[in-house]
Structures are given as structure tokens and as C-alpha cells.
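The structure appears right after this line, and notes come after that.
None of the figures in this text is laboratory data; all of them are computed from the coordinates on show. Computed from a predicted structure; not experimentally measured. Cβ sites come from the backbone with ideal geometry, for glycine too, and all protein chains shown count toward neighbours.
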């Protein structure tokens, strides 16, 4: 079909050079092939910081208070649904459900079973025991998943009746809220891969160790001479460990137990190098509720419920120890 | 006569012949021009040269323009579509994987299929885009090519852990989503912007006014008129038919040249205003919707640690529909909509985005109260008022509008090409007429002097 353009092509060919001499300038076909540099480094969890920002100095540790000492139960537990009038317990029974602030991200302590969507774990079961004592029914309970930073706020403003969320009792927090007696003793340890040969924090000097952003764990591992790497959620630490981006994860063994349970190639090693007594946080305005919860804890320590729950959830930390002993300040 | 030397010397009183002066040579060369036939020949040569140059320039120009217009449709337009597909497929993959995690353990097969479709679409579009782009934006294509397998690896790891009921799955999902948002999507956005800029540049080139050819045309016309005046003065004949034909052909050629260029430019402008500009706005809106959808799901999947995703949701929803639900990209698209189907689709999208915001508040209220299961049901449960159902209607309305405007773009760009149809043959014929008219008309006068 081009033949009819023959004259045109002749004319065009004749003068193309004249007309387009200035505009032409192509020659890309013989250009060298480009050379691209693309990153090959492993992907990073969102919000990862390497090195981590180490929180400023420890909260005033020189205080003379015993964070483990709580309020003594006032006699035996009342029968379910028959709470003394005008108490926090009576108001909860009146409402028909116990509202508890929990974690939904700590595997084995408070997490959502991905298969059922239900909250479950050691903390959750402890909270259910309290609901059982109040209502005679462990399901009369409403969980509110809260973040670590909101724990004190939701207790103080009454959003929840109590917080059962891997919460360490210390004198600083005691000024804001009341705590039950100790229901679990945690301590900072390290999680490493089984083949690493690492047995203590001393071997991690100069190596990258992961912990959650803003946690006291970061401060402890920084003091031990490691390079702290921080992430938003604890599970991100396990991702980093699996991707060889860190050598170890270090925090409370309660959390490490949950990580170790998700990857059989990892293990919790070394001695505890911090003492973290876990308590249930309750508003300072409800001392009667604190005494009630302590009575419930006394009961589950003595009737074997505590050991049963420990074995159900925390087997990766070894066989169940004796339940923590209750200490009282009155 | 003896020798030559003595013969010269034998001529007395005659001085030696001086060498010719330069001006003498020039005068001798231009001598014919002082006479009418010589001048006529020179004028004819000038007119022929100008006519030839004009015709050839017009012809080359119109052929180049046709190529450029074809480039707008078949290259730049297609490249834009491919870049848009890449950006959309990647955003869609991000939204779909997050949604799939809301269903416990076993993701719905249709979501899995859609995710696989997205990956395939993204890879195919990336191949097209890589082949077509060069320079700085090509390194963005290389980055996507390098990171896409890493992304899909993370997604599969997440899926495997999720199937085992381990929270680790969510951590991998978040890492995958972070990679998508921090590296892949910005690179895809860069490619999309480059393709969009290339289309605009190609369109500008194709719509340029043929200045050189127009000037040559005017000069040719001027020369023809002067030739005619000269002939009239010299020959006392009022009109030279040959020159008249030549002048008419030049006027026609110039008119055709300008008209075709202006028409093509107008169609190209329309292909932007009623096509690709709309398509760009709608595509941006669609991608904002996909990101908001991903954020909503990720907030839920993060199980109480999703505040950052919720914040991002608020940001992209405001981009999508503005603070009042009728602004943002959708508001812009509505204001720019130049026809009923587009306006209707955008109105649907605005209504759905408003409904989505309301349903989303419900989901957040449930999740913030710790009623995760109910929040999930309000997101992906049965019924047509879940956020997933509302989102799907929004996405579909935008997708239809994008396809529709894509077709409009193609139609207008094709019309631009059609405005140039036949111009090359016509230009050749008219050029021949210009030349033939001038030659025949003037040759006769020149012959009269022989």
C-alpha cells in the first residue's frame, strides 16, 4: 500500500535532512544497556529502629516500697452473684459482665486464636477465674484489647474493671493504681536459635538484640553492651530472629515463652536478669475489689488451678514451679 | 606568418589585454537576467524551489505528526495503562492479603485467586513498563522487579504461619505490607507519574503548530503573487492560468496543513480532558480506596496494635473523599467529569465512600470495645452493608469509570489520527500542481522570447 506514496516518499526523503536536521538526534539503539543497583537487604518490620532509642534512666529504684505487697482478702469469698452491697463487685454483678483489659498479641498470655478468633491464654484464663467467682460463670466477661501504653489509663478512667495484661508491679505504678498479689513471676531472659551456642547475655556483647520499642528490656540489653534493635510488636522480634537480622531477642520470659512456642528452632536460655512480678491492676478507688481478687488468687493457687493453667500455656518455660507466694501490706 | 611570438609583437600600438575584473565576470554571468527571458527563468527556478520546499516540509511534517499521534495512542497511552495496572495490582494485592487474614486461618478461595491474579497482572504490567521506560524511572522498575518476589515470599510465610494458628503470621503480613508501602508502591507511583508525563509530552509534540511549513507556505504564496505581477507588467496579459493554478494549489495546501494540525490538536486536547485526565483522577481515587481498604483490614489484623494503620486510613480516606466526604479526589473527579456516565459513576463512588466511612466507624467502635469477632463480621461478614461489600461497590464504580474514560481517550486520540488521513497523498498532489502550474505557466512566456 506504500507504493501510492512513492512520490511523497521521494520528496520526503529528499528534504527530510534539510527540514529535521536540527530536531533529529536519536541514536538510542546503540546506547549501552543501563546498569541498575537494587537493594538486596532483608525487608524490615514497620517501625523497626536499628539501633534502638534507649529509654532514659530507670524509674527511681531507690524507693522503699514492696511492689509485691497487696491488700489482704477480707475473709472467705462470697458465693457467686451475692456480693456485698455498694461494692465494686456488686456493681459488676449488677452490670452482668466483668470488663477486663487484656493483651491480644502475647502468644500464650493473651492472644486471639487465629482459628476461632477468640481471646485465649494464661492472662485470659486468670481473668475468667475471677468472672467465675463473681458470676459462677467464666463467660460473663468482656475483654477489651488494650495496648501496653493504655494499661494505667483504662484502669483510672473506669473503662475496665481491671487489667490482666503481663503487667509488672512497681512502686511507680503503685502510685497510680492498686495491684493484686503476684500471679506470675517473670524475668528478663534471652531467646536464641538452638544452633547458636549462646547461653547467656554476656555472649551477646556487640551483637544485635531485639526488644520492643520503649520497653525496659531495651535499657537492660543496652546496659549489657549489646546493640539494641527495637520493633513495635514482640512478634516482630521473632521475625527478625528468623531472618537473621538479630542474634537474640530479650525480654520477660513470659513473652519469650510465646515466641519460642511459635518456632521450635528457638529456645529461652540463661538466668533471669530482672525481676518482674505480674499483678492485676485495679483502680485505687476500689480496695474491696483488690481484696476480692486476692481471695480468688488464693483459691486458684491452693486448688491446683494455677498449676493447671501454667502447664496449659507455659510449658515451653519448663515444668510448672510453685505458684508465687502472696504478700500483703496490711 | 612566422612564429606566434613575432606575430604578437608585430601588432604595434596595441597594449597587453588586462585580466578580467571580478565585477565583469559577475556581470557577464548575470547578463541574461537583465533581459526578460533570463529573469523569468530565475523567477521560475525560485518559485519551483520554494514550492518544492514547502510541499516537502508539509509532507514530512504531516507524516511525523501522524506518527506522533499514533505514538500517543499505541505507545504512551498503552504505557500509561500498563503503569496504572501495575500500581493498581500492587495496591490490590496489599488490600487483599490483609482482608484474607480477617477470615480465620483459611482464607476464602476467591481472595486467594484475586491475590494471584494481582501478582500476575503486576508482573505482566511491569514487563511492559520496563520495556518502554528509560532513564531515571527505569530504576524504579528494577526495584519492583527485585522486591516483588521478596514481597510474595513474605506473604506466603505469613499465610503458612496463619494456617498454623500462630500470631507470627500477622507479623510477617505486616512486614510484607510495610515492604509494599515503603518500597513497591512508591516505585509504582513513580513509574505511573513518568508514564503520565510521557503521555503529556507526546501529546504536546503531536499537537504542535507547523510553524516552519506555514512560513514556507506564505513565502511561496508571496513569490507566486510577485511572479504574477511581474508577468502582468512584462507581457500585458492580465492573468497567467498556470500561475493561477499554482497559487490556488498553494492556498489549498496551506489551508489543509493548518486545518489538519488544528483539528488533530483539538482531538488530542479532548483525549486528555475527556479521557486520560479523568482516567488519572479516577485511578488515583481507586488506589486511595484500595489503601484505605488495606488499612482497615490491617488495623483489625493487628489486634489492638493497629493505631498506625487506622491513622493511615484516615489520611487516605481524606485524600479519597475529603474531610466532608464529597471533596478529595472523588470531588475533583466529579467536578472534572464531562459526561453523564462518568458523573454517575463518581456519584456512586461518593455515596459508597460516605457509607463506608459510617460502616467503618461502626467497625472501629466494635473493635475498640474489644468485640473483635463482631468487628470482623461488620467487615467481611454476610450481607451487603459490610465494609467489604461497600468497598467492592466503590471499587467497581471507579473501575467502570476508568475503563469508560480509557475508551474515550482512545476514541479521541484515534480521531486525532483520522484528522490527518489522506493529508500525505493530498499534499503530494497539491505540490505537483504548484510546481506544474508554475512551470507550464512561465515556460510558455519564456518560450515566447526565444
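A few notes on this one:
- Here the scattering of the protein assembly as shown is modelled by Debye summation over its C-alpha atoms, one equal scatterer each and no solvent; at q = 0.05, 0.07 Å⁻¹ the log10 of I(q)/I(0) is -0.46, -0.68.
- Estimated FRET transfer efficiency when R0 is 25 angstrom, pair residue A:267-residue B:113 (beta carbons, to 0.05): 0.05
- Potential lengthening of the chain between residue B:241 and residue B:258 amounts to 3.5 nm, from the contour at 0.36 nm per residue minus the alpha-carbon distance.
- Remark: relative contact order (chain A) = 25 percent; criterion is Cα-Cα distance under 8 angstrom and separation of 6 or more residues.
- Distance from the Cα centroid of the stretch A:263-303 to that of the stretch A:89-134 is 14 Å (rounded to whole angstrom).
- Those residues of the stretch A:154-178 whose amide nitrogen sits under 18 Å from the label point placed on residue A:56, 7 Å along Cα→Cβ: A:172-173
- Principal-axis tilt of helix A:122-135 within chain A, Cα atoms, nearest 10 degrees: 40
- A Gaussian network model of chain A, with springs between Cα atoms under 10 Å, assigns the largest mean-square fluctuation among A:76, A:224, A:88 to A:76.
- Whole-number percent relative contact order across chain B, with pairs defined as alpha carbons under 8 Å at least 6 apart: 24
- The value of relative contact order for the stretch A:188-269, using C-alpha pairs under 8 Å at least six residues apart, is 43 percent.
- The value for chain A of Rg(Cα) / (2.2 N^0.38 Å) is 1.51.
- Protection proxy ranking, peptides B:284-292, B:229-237, A:227-235, B:394-402, average beta carbon neighbours within 10 Å, highest first: B:284-292, A:227-235, B:394-402, B:229-237
- Residue order, fewest to most beta carbons within 10 Å, for B:412, A:140: A:140, B:412
- Cα gyration tensor category, rounded, prolate or oblate, for the stretch B:365-430 with a/c compared to 1.5: prolate
- In this label model, residue B:23 and residue A:320 are separated by 12.8 nm, measuring between points 7 Å along each Cα→Cβ vector.
- For residue A:94 and residue A:66, a Förster radius of 25 Å and the Cβ-Cβ distance give a FRET efficiency of 0.15, rounded to the nearest 0.05.
- For chain B, the longest principal axis of the alpha carbon atoms and the long axis of helix B:185-206 meet at an angle near 30°.
- Partner shielding of B:143-150 amounts to 3, given as the average count of beta-carbon atoms from other chains within 10 Å of each residue beta-carbon.
- What the Cβ-Cβ distance of residue B:338 and residue B:314 gives, at R0 = 30 Å and to the nearest 0.05, is a FRET efficiency of 0.45.
- Chain A: angle of helix A:287-302 to the longest principal axis, Cα-based, in degrees nearest 10: 90
- Residue separation of residue B:446 and residue B:209 scaled by 0.36 nm, minus their Cα-Cα distance, works out to 81.4 nm of gained length.
- Averaged over B:154-167, number of beta-carbon atoms from partner chains that fall within 10 Å: 4
- Legend: mean number of C-beta atoms from other chains within 10 angstrom of residue C-beta atoms, peptide A:43-55, equals 3.
- Taking A:305, A:251, A:168 as the candidate residues, the one with maximal mean-square fluctuation in a Gaussian network model of chain A, Cα springs under 10 Å, is A:305.
- For the stretch B:46-448, the percent of C-alpha pairs falling in each 20 Å distance bin, counted from 0 to the bin holding the largest distance, reads 24, 39, 20, 12, 4, 0.
- A straight line joining the Cα centroids of the stretch A:198-220 and the stretch B:375-450 runs 64 Å.
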